[in-house]
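Okay, structure first, notes after.
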Amino acid sequence: APSVALGDTGIRLKGSVGTGFKSPSLDQLYHDYPSFFFFANPNLKPETSTGYDVGADWTPFDGFTAGATWFRNDIKNLIATDPVTFSTDINIGKARTQGVELFAAWAATQTLNLRADYTYTDAIDGTTGLELLRRPRNKASLNAGWRFLPQAGLDATLLYVGPWIDGSRDFSVPRLKTDGYVTMDLAAHYDLDARFTLFARASNLFDETYENPVGFLGPERAFYAGVQAKL
């Protein structure tokens, strides 16, 4: 994973090459769901992959950094739902994912930090040429962290997930295009002392209704509060 700074331009070039390994889960190997006509496959092989990425980060002034990265992953024995029977997981001979990641991070003040991220992913079954299931092409997020008191802060995250290809819950409809969705999370904390912190957070603040994957409803708006202790 080499990187090189281009003098005092604030630009750093970077790249990496790596291999990956992912074993099938015990659930995928041995747990049947007969009520959904979905069954384990004890013959699943591990996934293996080779990944590449190249990119650059730019820091034009203190407190601000932006970057762009192109990535590609070539995968063998990808574990995915059987596109013919939709009743079990199988190994796909080969698959490819590639895309671009962009980000910008700004320390606007000593107490306010902002960050934006965007990822475009093109995921293709190398055997059929079809888009892989459950891989959104577009994802983006905005995050703001504000420490309005030395002992207290707020954090907000807005997440956008674009449409993707999926199957209905029982895969009677094998390929359909989903709707994207947007969620908002908000969190706050207050340090009582060096050991105890009060916290509160709201998940899915706008109560967005979405399914990810299709057939499984995402969590509704929820609120949490409590105390954390460092012993």
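Quick notes on this structure:
- Label-point separation in nm, K94 to Y160, each point 7 Å along Cα→Cβ: 3.5 nm
- For the chain, the relative contact order works out to 10 percent when only alpha carbon pairs closer than 8 Å and six or more residues apart are counted.
- For a modelled paramagnetic label at E208, 7 Å from Cα along Cα-to-Cβ, the residues of the range 151-188 in reach, with backbone nitrogen under 15 Å, are 156-164, 178-186.
- For F223, the shell of other residues with beta-carbons less than 13 Å away shows a net charge of -1, using +1 for Lys and Arg and -1 for Asp and Glu.
- Using θ = phi - 60° in the Karplus curve 6.51 cos²θ - 1.76 cosθ + 1.60, the 3J(HN,Hα) couplings for the range 174-179 round to x, 9, 9, 9, 7, 8 Hz; x is entered for Gly and Pro.
- Listed peptides 76-85, 13-22 appear in the order 76-85, 13-22 once ranked by packing, highest mean of other Cβ atoms within 10 Å at the front.
- Shown is the FRET efficiency for Y120 and F148, computed with R0 = 30 Å from the Cβ-Cβ distance and rounded to the nearest 0.05: 0.30.
- Number of Lys-Lys pairs in the chain with C-alpha atoms under 25 Å apart and a separation of 8 or more places or on different chains: 12.
- Heavy-atom SASA rank of D179, D74 (probe 1.4 Å, accessible area, largest first): D179, D74
- Calculated [222 nm] ellipticity per residue, helices only, for the chain: -500 deg cm²/dmol; basis is -39500 (n - 2.57) per DSSP H run with n ≥ 4, divided by all residues, nearest 500.
- Listed peptides 181-187, 38-44, 193-199 appear in the order 181-187, 38-44, 193-199 once ranked by packing, highest mean of other Cβ atoms within 10 Å at the front.
- Gyration tensor (alpha-carbon) shape descriptor, the range 1-157, a/c threshold 1.5: prolate
The values are calculated or read from the model by the stated rules, or taken from the named source; none is laboratory data. These numbers come from a predicted model, not from an experiment. Here the Cβ is made from the backbone with ideal geometry for all residues, glycine too, and neighbour counts use every protein chain on show. Only protein heavy atoms, including side chains, enter the accessible area calculation; ligands, DNA and RNA are left aside. Shrake-Rupley method; radii C 1.70, N 1.55, O 1.52, S 1.80 Å.
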